[in-house]
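Working notes, beginning with the structure itself.
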Amino acid sequence: MTMLRMFAALSAAAFALAAGPAQAEMKTQWVEYSHGDVKLKAYMAYDDKVTGKRPAVLMIHAREGMTPKTLQLAETWAKLGYVSFAADIFGYGHGVLPKDVPEMTAQTTIYTKDRPLMRARTQAGFDMLVKNPMVDPSKIALIGYCFGGAVGVEFGSTGAPLVANVAIHGSFRDHAPGWAKNAKGMFLILHGAEDEGYPLSVVDKVIQELRVAKVPFQYEVYGGTGHGFSAPKNKAEERANAQSIASTARLFKELFGI
């Protein structure tokens, strides 16, 4: 009964967070920008009732790219009062949208094999976000899902002025030793204990780098939970998804005050 009550409370909290203020007026738009000769197309969501500059979330998509799921996730953070900007890494502006796992793998491989490109493509999105007159450039957090979690580590290694860097079931792999020495802000890593592709032994390498560099971090591990729990496949993953939303929102509340 205790576990059932806990799950119900977490689910209710996540629902309330996603619902946002009763008077929220959600606005969404596509934002075209470029990186060199590559046309990019980000998805931006924000509450039109909020006035003045506000904190922003630079969201990095999973291996699926700019799918309806990605857009929905971006809106989740906008409902909390932030400008939410789902950056385009693959080139959706050129029509790049993987249709199956082989195509997803082909896209992610391009960037995992070329980390400078990964970092530069993310920088292009960051630069576009900070230009927005609604955004307080001193209050930007990154949230990366799956592939986006690895992108967050790489972008963090550049010393980008992030207040928070959140990885939700991050696909961490082969990050250079010492990457965390230039990292800024608080890291929040939310991971499934049963993630076969990115097991806890792999995540621990990220944690140890943060510890050595004395970068502040929080780490949550969800039992009975595999990869991709933001699209839950069982009760444990439903709980993990709810808790990951609640934990991220709580951290942002502490850091940003909203």
- Tell me which residues come under 5 Å, amide H to amide H, from His35 once H is placed; ignore anything under 5 positions away on its chain. Leu40
- Message: Quick check: from the Cα gyration tensor, does segment 43-97 come out rounded (a/c under 1.5), prolate or oblate?
- Response: prolate
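For the chain, report the accessible area per residue in Å² (1.4 Å probe, heavy atoms, rounded to an integer). Mind showing how you got there, number by number?
On the way: 11580 Å² over 258 residues.
It amounts to 45 Å² per residue over the chain.
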- Item | Cut-off under 5 Å, modelled amide H: who pairs with Asn165 long-range | Leu142, Met186, Phe187, Leu188
- Run the quick spin-label model on His94 and Ser201: label points 7 Å from Cα toward the beta carbon, then report their separation in nm to one decimal. 3.7
- Length released on extending from Trp30 to Arg250, taking residue separation times 0.36 nm less the Cα-Cα span: 76.4 nm
- Query: Among the lysines, which fall within straight-line cross-link reach of Lys69, defined as a Cα-Cα distance under 18 Å, with same-chain neighbours fewer than 8 residues apart omitted?
  - Reply: Lys27, Lys41, Lys79, Lys99, Lys233
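Let me check against my output: what whole-number percent is the relative contact order of segment 101-250, with C-alpha pairs under 8 Å and at least 6 apart?
Numbers: 246 pairs, mean separation 25.4, N = 150.
Computed value for segment 101-250: 17 percent relative contact order.
Roll a 1.4 angstrom probe over the protein heavy atoms and tell me the percent of accessible area of the chain that is carbon or sulfur. Kindly include the intermediate steps, with their values, before the conclusion.
On the way: 6480 of 11580 Å².
Ligands and nucleic acids excluded, carbon and sulfur reach 56 percent.
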- Task: Could you check the simple spin-label distance between Thr109 and Asp136, using points 7 Å along Cα→Cβ, in nm with one decimal?
- Result: 4.4
- Hey, what did segment 45-86 get for relative contact order, percent, Cα under 8 Å, at least 6 apart? 61
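Give the relative contact order (percent, whole number) for the chain; include only Cα pairs under 8 Å separated by 6+ residues.
Details: 521 pairs, mean separation 43.4, N = 258.
Reported as a whole number, the value is 17 percent.
Tell me whether segment 184-258 comes out rounded, prolate or oblate; compute the Cα gyration tensor, take square roots of the eigenvalues as a ≥ b ≥ c, and use a/c under 1.5 as the rounded threshold. Please report the intermediate quantities before stating the final value.
Working: a/c = 3.25, a/b = 1.19, b/c = 2.75.
Oblate shape, in that a/c is at least 1.5 and b/c is the bigger or equal ratio.
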- What distance in nm separates the simple spin-label points at Val212 and Ile258, each placed 7 Å from Cα in the Cβ direction? 3.9
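The values are calculated or read from the model by the stated rules, or taken from the named source; none is laboratory data. Fair warning: this is a prediction, and the values are worked out from it, not measured in the lab. FYI the Cβ positions are ideal-geometry reconstructions off the backbone, even for glycines, and counts take in every protein chain you see. Only protein heavy atoms, including side chains, enter the accessible area calculation; ligands, DNA and RNA are left aside. Shrake-Rupley method; radii C 1.70, N 1.55, O 1.52, S 1.80 Å.
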